[in-house]
Amino acid sequence: MTKYPQKTIGELCNIIKGETGISSATPGEYPLVVTAKERKTSATYQFDTQAVCIPLVSSSGHGKKSLNYVHYQEGKFALATILAAVIPKKHDEIYAAFLNSNYGIRNAISYTTGVGSSQGNLNVNRVRPYVIPLPPLAEQKAIVEKVDYLIKIIDQLEAQIKHRKQLAEELMPTVLTETFE
């Protein structure tokens with residue numbers, strides 16, 4: 001049992017499907033949120049708000065259940081047709097970036113995509129009734145700050161590991177040559 005009140009995502013948020021075709025979008029000044037890690041651009045925008053953008057189909061290809069790259073986006077942005085924006089109804093009740101945490105949308109997606117066919121498709125009607133804890137707004141922001149901080153540390157560590165692997169690969173021929181001489 002959580003110490004916080006609980007509400008459904010449907011009570012807290014509107015879920016709106018994207019309207020921009022990825023291949024038909026004219027590149028421009030606005031971010032175009034897609035299912036890939038990196039965003040594209042668009043000459044037009046659909047939203048001017050804070051939202052968590054969730055994929056409706058697998059970004060890993062047919063036959064894969066993964067729905068990777070849930071994106072937090074704010075300001076003016078376009079959204080591809082194969083995504084939906086989860087937008088707080090009351091910004092003084094829930095912080096959109098908090099929805100991007102494991103307490104919110106990410107957990108709901110992993111819960112709702114575990115059933116059905118081998119293709120990772122998300123039915124937003126199954127996300128709406130998902131219940132999440134609702135800490136006070138200040139605590140939601142503190143959680144997001146902590147998670148962002150930890151993600152930066154993870155990114156730094158991954159970069160160090162990649163660099164050290166590269167160094168090891170470069171040194172391996174020298175070590176082998178010296179060993180056999």
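Readers should treat all values here as calculations from the given coordinates under stated rules, not as data from a laboratory. This structure is a prediction, so every number in the text was calculated from the model and none was measured. Backbone-built Cβ (ideal geometry, glycine too); neighbour counts: all protein chains shown.
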Label zone at Thr174 (point 7 Å along Cα-to-Cβ), backbone N below 18 Å, region 151-165: 163-165
About its Cα centre, what dipole magnitude does region 136-181 give when the only charges are +1 on Lys and Arg Cβ and -1 on Asp and Glu Cβ, stated in debye to the nearest 20? 260
Can you list the residues, at least 5 places off or on another chain, whose amide H is less than 5 Å from the amide H of Leu56, using H built in the peptide plane? Leu83, Ala84
Taking other Cβ within 10 Å of each residue's Cβ, how do His91, His71 sort, fewest first? His91, His71
Using the C-alpha gyration tensor of region 136-181, what are the square roots of 5 times its eigenvalues, in whole angstrom, with the largest one first? 44, 6, 4
Give, as a single signed number, the net charge of other residues whose beta carbon lies under 12 Å from the beta carbon of Phe47, with Lys and Arg counted +1 and Asp and Glu -1. -1
